[in-house]
């Protein structure tokens, strides 16, 4: 199965727990596929470029090492078309992807039964930006408690939610799992996946890490999608 889960939402636990799971190979989008800038998070590449930019040698190597089975990208076609070849060939294994969803690859090619795991955006953001995780990515944007950092993260969270909503509208039967209570989705999952959640802890919170004004900003920016995901 294909899982879409951003950092701070249990992605590491999922990768470790799923048998023969490919560990977020499309994370190679950042920074190896795209930019020579010191911090790619200051700019998200326009979606149309995914079908024009070809993967670098370093990006190909990174993707190969993360797919276990050794899917090797074709350097003569775009990153986007490489990813579609990978996704179409991934039906018999488990793989965790993020940027493929952000760039709309699943809806563009009507990929069915993609599993999306969402966590409350505030707690997801605070978990992802902890010091021992990825705080260095938001440091150039002003740190965890900054408008630029919150806006950047909200853009990603909304991007994943938008892809889920597109797949729903296309009748592609995406599966929604809420980090806080995954058991409500068990009827849609095979038993080997359900067992992964036996030790899942959805009660973790990150209260007080984000200042109130930035909590309000996060919820304002994600309000529409939050209501659809958590209604």
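Annotation note: of 160, 189, 176, 209, the sole residue that is over 18 Å from the mean Cα position of the chain (by Cα), closer than 21 Å to residue 101 by Cα and surrounded by 12 or more Cβ atoms within 10 Å (Cβ to Cβ) is 189.
Scanning the range 109-127 for residues that are part of a helix (DSSP H, G or I) and in contact with a helix residue (DSSP H, G or I) (Cβ under 8 Å, 6 or more places away or on another chain), we see that the one that is nearest to residue 138 (Cα to Cα) is 125. Here residue 53 fulfils each of the conditions (1) in contact with a helix residue (DSSP H, G or I) (Cβ under 7 Å, 6 or more places away or on another chain); (2) within 22 Å of residue 106 (Cβ to Cβ); (3) at pLDDT below 80; (4) not in a loop (DSSP other than H, G, I, E, B) apart from (4).
A residue that is farther than 30 Å from residue 205 by Cα, without any contact (Cβ under 8 Å) to a residue 24 or more places away in the chain and surrounded by fewer than 21 Cβ atoms within 10 Å (Cβ to Cβ) occurs nowhere in the range 109-121. Are any residues in the range 139-184 without any contact (Cβ under 8 Å) to a residue 24 or more places away in the chain and not in a helix (DSSP H, G or I), and if so, which ones? Once the filter is applied, which keeps residues that are without any contact (Cβ under 8 Å) to a residue 24 or more places away in the chain and not in a helix (DSSP H, G or I), the range 139-184 yields 142, 143, 171, 181. Screening the candidates 144, 138 for the property of being in contact with a helix residue (DSSP H, G or I) (Cβ under 8 Å, 6 or more places away or on another chain), over 24 Å from residue 193 (Cβ atoms) and at pLDDT below 85 yields one hit, 138. Residues in the range 205-216 that are touching a helix residue (DSSP H, G or I) at 6+ places or on another chain (Cβ under 8 Å), in a helix (DSSP H, G or I) and either more than 28 Å from residue 175 (Cα to Cα) or at pLDDT below 95 (or both): 214 only.
Annotation: residue 95 fulfils all but one of (1) at pLDDT below 80; (2) not in a helix (DSSP H, G or I); the unmet one is (1).
The values are calculated or read from the model by the stated rules, or taken from the named source; none is laboratory data. Everything numeric in this text was worked out from a predicted model, so none of it was measured. Cβ: placed from backbone, ideal geometry, glycine included. Neighbour counts: every protein chain shown.
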